[in-house]
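Here is the structure we will look at.
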Amino acid sequence: MDVKIEESWKRQLAAEFEKPYFKTLTDFVRQEYAATRIYPRAGQIFNAFDKTAFDRVKVVILGQDPYHEPGQAHGLCFSVNDGVALPPSLQNIYKELYDDLGIPPRESGNLERWAEQGVLLLNATLTVRAHQAGSHQNRGWETFTDAVIHRIAEEKQNVVFILWGAYAQRKGAFIDPSRHLIIKSAHPSPLSVYRGFFGSRPFSKTNEYLIKTGQTPVNW
């Protein structure tokens, strides 16, 4: 099956694209785009991979679902297009970034600058119906993104996995902490942000580990 995705990922995931579940998933997603409004737009489904080649991945931030309101989702978890109001979770991420590293919040919620430095901004589910959170869950995307995490965890070393919230932590439960750094905390959503997200300092911890392992720190 020919999937339009960045070449290094195409090589890493070639076997996945041939599996029956992926064909079923592809058929479902095509039908959905033909029938109703789906986010992100079709050309940005694999944007996280296109912005961060496999060979350049040094940090993985794991989200759950794309944003489901107009203009927000563009294929990178927690990120929104330029000119779009910052969602509450991203506001809290920026607040923690300021408290952690003193970096003032930006007006733009576009996190492509992180992706271009090797931060894979991966949602567990890569598409969603407009205004219907979770509408494309349990259709096969989670199997695909599990395979992505397995490839990174098994083929690379000294990657930082940032797992915010119980869902992300379950999804990353198999990652070997002797090969990688795993940073866990509560999710940055307003519902859980005071249960351990604020004060968790994930950005400085990431950079300290990257420096310690001979990698370039992220300019957050």
Requested in this report: For segment 38-89, build the convex hull from the C-alpha positions and give me its volume per residue in Å³.
Outcome: 90 Å³
Query - For the chain, accessible area per residue (1.4 Å probe, heavy atoms of protein chains only), Å² - result: 47 Å²
Report task. Compute the signed sum of charges (Lys and Arg +1, Asp and Glu -1) over the other residues within less than 11 Å, Cβ to Cβ, of Ile38. Result -> +3
Report summary line: Expressed as a percent, the portion of alpha-carbon pairs in segment 51-119 spaced more than 14 Å apart is 61 percent
Query raised in the report: Given Pro70, Phe144, Ala173, which one lies farthest toward the positive end of the charge dipole of the chain, if we put +1 on the Cβ of every Lys and Arg and -1 on the Cβ of every Asp and Glu?
Result: Ala173
Requested in this report: Report P(r) for segment 97-220: all Cα-Cα distances, bin width 5 Å, range 0 to the bin holding the largest distance, values in whole percent.
Outcome: 2, 9, 16, 22, 23, 16, 9, 3, 0
Report summary line: With +1 on the Cβ of every Lys and Arg and -1 on the Cβ of every Asp and Glu, the dipole magnitude of segment 76-152 about its Cα centre, in debye rounded to the nearest 20, is 280 debye
Report summary line: Here segment 155-162 yields Karplus 3J(HN,Hα) values (6.51, -1.76, 1.60; θ = phi - 60°; whole Hz; Gly and Pro given as x) of 8, 10, 10, 6, 8, 9, 9, 9
Query - Antiparallel DSSP beta bridges within the chain, as percent of all bridges there, nearest 5 - result: 20 percent
Query raised in the report: Amide H neighbours of Val60 under 5 Å, counting only residues 5+ apart in sequence or on other chains, H built in-plane at 1.01 Å?
Result: Leu120, Val160, Phe161, Ile162
Report summary line: Applied in sequence order to segment 39-44, the curve 6.51 cos²θ - 1.76 cosθ + 1.60 (Karplus, θ = phi - 60°) yields integer Hz couplings, x standing for Gly and Pro, of 10, x, 5, 3, x, 10
Query raised in the report: Using a probe of 1.4 angstrom, how much of the accessible area of segment 1-52 is carbon and sulfur, in percent?
Result: 51 percent
Report summary line: Taking N as the number of residues in segment 26-147, the ratio of its alpha carbon radius of gyration to 2.2 N^0.38 Å works out to 1.06
Query raised in the report: Quick one: Karplus J couplings for segment 24-29, per residue in order, coefficients 6.51, -1.76, 1.60, θ = phi - 60°, nearest Hz, x for Gly and Pro?
Result: 4, 4, 4, 4, 4, 5
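Hey, what did the chain get for relative contact order, percent, Cα under 8 Å, at least 6 apart?
Normalised by residue count, the contact order of the chain is 22 percent.
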Query raised in the report: 222 nm [θ] for the chain, helices only, -39500 (n - 2.57) per DSSP H run of 4+, per residue, to 500?
Result: -10500 deg cm²/dmol
Query - For the chain, diffusion coefficient by Stokes-Einstein and Kirkwood Rh (Cα), 10 °C, 1.306 mPa s, µm²/s - result: 90 µm²/s
Query - segment 98-179, relative contact order [Cα under 8 Å, separation at least 6], % - result: 18 percent
**Report entry** Sparse-neighbour loop sites [trypsin sites (Lys or Arg not before Pro); segment 7-51; at most 15 other C-beta within 10 Å; DSSP]
**Finding:** Arg37, Arg41
Query raised in the report: Where Lys and Arg each count +1 and Asp and Glu each count -1, what net charge lies around His150 among other residues with Cβ under 12 Å from its Cβ?
Result: -2
Query - Residue among Ile45, Val128, Ser185 farthest towards the positive dipole end of the chain, charges placed on Cβ - result: Ser185
Requested in this report: State, as an integer percentage, the relative contact order of segment 162-220 based on alpha-carbon contacts under 8 Å between residues 6 or more apart.
Outcome: 27 percent
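The values are calculated or read from the model by the stated rules, or taken from the named source; none is laboratory data. Since the structure is predicted, the reported quantities are computational estimates derived from the model, not experimental observations. Here the Cβ is made from the backbone with ideal geometry for all residues, glycine too, and neighbour counts use every protein chain on show. Each accessible area value is taken on the protein alone, full model and side chains, heavy atoms only, with ligands, DNA and RNA left out. Shrake-Rupley method; radii C 1.70, N 1.55, O 1.52, S 1.80 Å.
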